[in-house]
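Student: Here it is, the structure, as structure tokens.
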Amino acid sequence: MTSADEFVLQLLIDKGIVDSAVIDDARAKVAELGSEGNPDSDALDLLVDEHAVTQLQIAQALAEEFNMDVVDLADVRVSNEALELVPFELANRYKVFPLEGDDNEVELAVCDPLDMDAIDSISHVIQRSITSRVAPLEDIEKAIHQYYDGAHVEKVDSMFSGMEELGEGEIDLPTGEEAGVAEDEAPIIRYVHMVISEALKRRASDIHMEPLEKRFRVRYRIDGVLHEVENPPKRLQPSIISRIKLMSDVSIAEKRVPLDGRINIKVGAKVIDLRVSTLPTAFGESIVMRILDKEGLNLGLPQLGFFSDDQASFERIIAMPDGVFLVTGPTGSGKSTTLYSALNCINHPDRKIITVEDPVEYEMAGINQVQVRRDVGMTFSAALRSMLRQAPNIIMVGEIRDKETAEIAINAALTGHMVFSTLHTNDAPSAISRLVDIGIKPFLVAAALRAVLAQRLVRRICPNCKESHEHDEKVLSSLGIRSDQTLDANFMLGKGCSKCNSTGFRGRVGVFEMFTMNEELQQMVYEDASLVALRGKAKEMGMRTMREDGIRKVIAGVTTPEEVLHATVAESV
């Protein structure tokens with residue numbers, strides 16, 4: 001059952017199968033247990049578990065309501081032709097079972113005749129129209145196990161045995177079909193699972209699958225750097241893409257426009273959440289799967305890369321009762337991780353926190369998270385307006401992109417709320433220019449802004465294989481490290497080991513630039529001072545640039561000069 005569970009519960013009451021008091025008791029038990037899923041679905045499952053209703057009764061009630069037939073799968077003898085029309089993956093995913101079919105039409109046993117999305121998806125994949133009959137869920141699952149888990153699975157398992165030992169191009173998998181998934185899907189399923197498992201093992205943040213003219217390239221982004229891995233045969237491209245789209249719950253048939261979806265998959269004992277993006281290209285659909293690791297949200301501020309003095313400033317700012325705190329940097333600079341870690345740090349029962357995000361990347365306990373949906377008018381600005389009526393203490397806006405969102409965020413800060421958000425600027429003082437450029441009056445910026453944190457990510461030297469190292473003087477000089485700074489330096493370099501895949505680096509750490517407002521800077525912003533003047537005054541008052549923070553991390557043996565040179569720019573003033 002899906003979103004129609006409330007309808008089913010009401011149907012059981014209307015037909016006198018279950019008393020309304022029994023259903024109310026089931027809902028109360030589900031609420032008491034604190035269900036995180038669909039409460040109506042959990043209540044329906046509870047009724048079945050407690051034998052208040054059987055799945056056969058549910059099937060009969062639905063069939064009667066929609067004038068459909070109930071099929072007894074125990075009396076059905078299904079041909080191999082019917083099984084081949086509906087692959088195991090589709091049958092198991094949507095809980096349907098093929099009864100018979102031909103070149104134009106397939107008859108399915110379904111447990112939920114209200115789930116038209118499932119019927120449409122299956123129809124798109126198998127390129128045939130669908131007619132339905134109703135059967136209990138337990139009967140469908142039993143039939144799937146009986147008919148698909150025999151010779152079918154044994155056959156494809158033998159095809160996949162020893163796959164890990166095969167070299168590139170030697171994986172013996174079935175050819176994909178342009179219309180949908182392959183005839184035997186288990187090898188494709190296992191390959192996709194293996195790719196995700198290996199990415200997790202290597203600590204990758206993204207999986208890139210890119211269709212090129214003569215090959216299907218697979219790359220992992222590890223610590224910010226792309227690494228190409230063994231590619232599957234080009235002929236498997238359509239099947240692999242279809243499998244990932246099916247897992248992501250997006251249309252397999254739609255190949256003309258970009259699509260976004262999510263995957264939840266269990267790898268070992270760990271449940272992994274992936275954000276999937278597809279993009280049509282000249283040689284097929286390019287897919288990027290971003291691995292969302294919730295464990296990263298529990299990082300302490302030192303693990304993010306803060307030294308004790310910066311950490312103290314950061315904790316003081318995020319604990320303020322009102323104002324705007326911005327984190328700036330390009331895409332992939334760790335802005336979201338920093339903000340989520342800040343929220344995790346101040347998430348206490350006495351504070352109400354609401355976020356508006358596009359998309360909601362991580363689900364955090366105790367925080368109200370709002371998903372932007374432009375197709376129904378739920379934009380950043382619309383959500384932000386509604387959030388203010390919820391009387392929050394702290395608001396996080398995923399990104400300030402336009403004047404309207406910026407104005408609402410500024411006004412929220414001026415009326416007693418603490419607002420966290422991000423901007424795309426190159427350094428911290430530039431955030432002020434950016435706000436003014438999009439239409440915010442300088443006096444409002446001066447009054448509302450509390451601080452801006454600019455950041456970049458550099459690779460951290462692997463703690464398992466790092467050793468003392470004397471860096472080249474020319475490299476140190478180009479970074480701006482003076483000879484007197486090298487006297488107490490603890491320069492390190494990773495020699496490479498199994499834990500870091502012989503790269504010498506393991507994980508990433510931030511380099512930061514904290515621009516904190518005070519009365520002098522407020523006056524300069526109010527008077528519309530130039531960016532150069534603001535930056536000069538901030539440095540005069542103790543602001544460290546990202547380059548200077550990077551130098552501190554090189555001297556402390558956290559990272560290398562080359563990493564800091566790559567991630568930061570030299571001083572402009």
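The values are calculated or read from the model by the stated rules, or taken from the named source; none is laboratory data. Owing to the predicted nature of the structure, the values given are computational and were not obtained by experimental measurement. Using ideal geometry, Cβ is built from the backbone for each residue, glycine included, and neighbour counts are taken over all protein chains shown. We work out accessible area using only protein heavy atoms, side chains counted, and drop any ligands, DNA or RNA first. Shrake-Rupley method; radii C 1.70, N 1.55, O 1.52, S 1.80 Å.
Student: Name the residue that is modelled with the lowest pLDDT, counting only residues in region 104-124 that are closer than 14 Å to Ala63 by Cβ and either part of a loop (DSSP other than H, G, I, E, B) or in contact with a His (Cβ under 9 Å, 6 or more places away or on another chain) (or both).
Tutor: The extreme case among them is Leu114.
Student: If you don't mind, there's one more thing I want to ask. Residue under question is Ser251, and the condition is that it be among the polar types (S, T, N, Q) and open to solvent by 20 Å² or more (accessible area, probe 1.4 Å); does it hold?
Tutor: Here the answer is yes, as Ser251 does meet what is asked.
Student: Could you go through region 523-534 and let me know if any residue there is in contact with a helix residue (DSSP H, G or I) (Cβ under 8 Å, 6 or more places away or on another chain) and of a type in the set (Asp, Glu).
Tutor: Checking region 523-534: at least one residue is in contact with a helix residue (DSSP H, G or I) (Cβ under 8 Å, 6 or more places away or on another chain) and of a type in the set (Asp, Glu).
Student: Among (1) part of a helix (DSSP H, G or I); (2) surrounded by fewer than 19 Cβ atoms within 10 Å (Cβ to Cβ), where does Val288 come up short?
Tutor: Result: Val288 fails condition (1) only.
Student: Can you go through Met378, Met387 and tell me which one is under 26 Å from the mean Cα position of the chain (by Cα), surrounded by fewer than 18 Cβ atoms within 10 Å (Cβ to Cβ) and either farther than 16 Å from Glu357 by Cβ or not β-branched (Val, Ile, Thr) (or both)?
Tutor: Working: Met387 fails: surrounded by fewer than 18 Cβ atoms within 10 Å (Cβ to Cβ).
Answer to the selection: Met378.
For (1) under 29 Å from the mean Cα position of the chain (by Cα); (2) of a type in the set (Asp, Glu); (3) within 26 Å of Asp5 (Cβ to Cβ), each residue gets a yes or a no:
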{"site": "Leu44", "(1), (2), (3)": "no, no, yes"}
{"site": "Ala52", "(1), (2), (3)": "no, no, yes"}
{"site": "Gln55", "(1), (2), (3)": "no, no, yes"}
{"site": "Ser79", "(1), (2), (3)": "no, no, no"}
{"site": "Ala82", "(1), (2), (3)": "no, no, no"}
{"site": "Tyr94", "(1), (2), (3)": "yes, no, yes"}
{"site": "Asp103", "(1), (2), (3)": "no, yes, no"}
{"site": "Leu108", "(1), (2), (3)": "no, no, yes"}
{"site": "Asp117", "(1), (2), (3)": "yes, yes, yes"}
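Student: So Glu562 clears everything in (1) more than 13 Å from Leu479 (Cα to Cα); (2) modelled with pLDDT of 90 or more except one condition, right? Which one?
Tutor: Condition not satisfied by Glu562: (1).
Student: Still on this structure, please answer the following. Could you list, in sequence order, the residues of region 540-555 that are out of contact with any Phe, Trp or Tyr (no Cβ under 8 Å at 6 or more places or on another chain), surrounded by fewer than 22 Cβ atoms within 10 Å (Cβ to Cβ) and either within 24 Å of Ile440 (Cβ to Cβ) or not basic (Lys, Arg) (or both)?
Tutor: Matches in region 540-555: Glu540, Met541, Gly542, Glu548.
Student: If Met418 meets every condition in (1) buried (at least 22 other Cβ atoms within 10 Å of the Cβ); (2) within 19 Å of Leu453 (Cα to Cα); (3) in contact with a helix residue (DSSP H, G or I) (Cβ under 6 Å, 6 or more places away or on another chain) apart from one, which number is that one?
Tutor: For Met418, the exception is condition (3).
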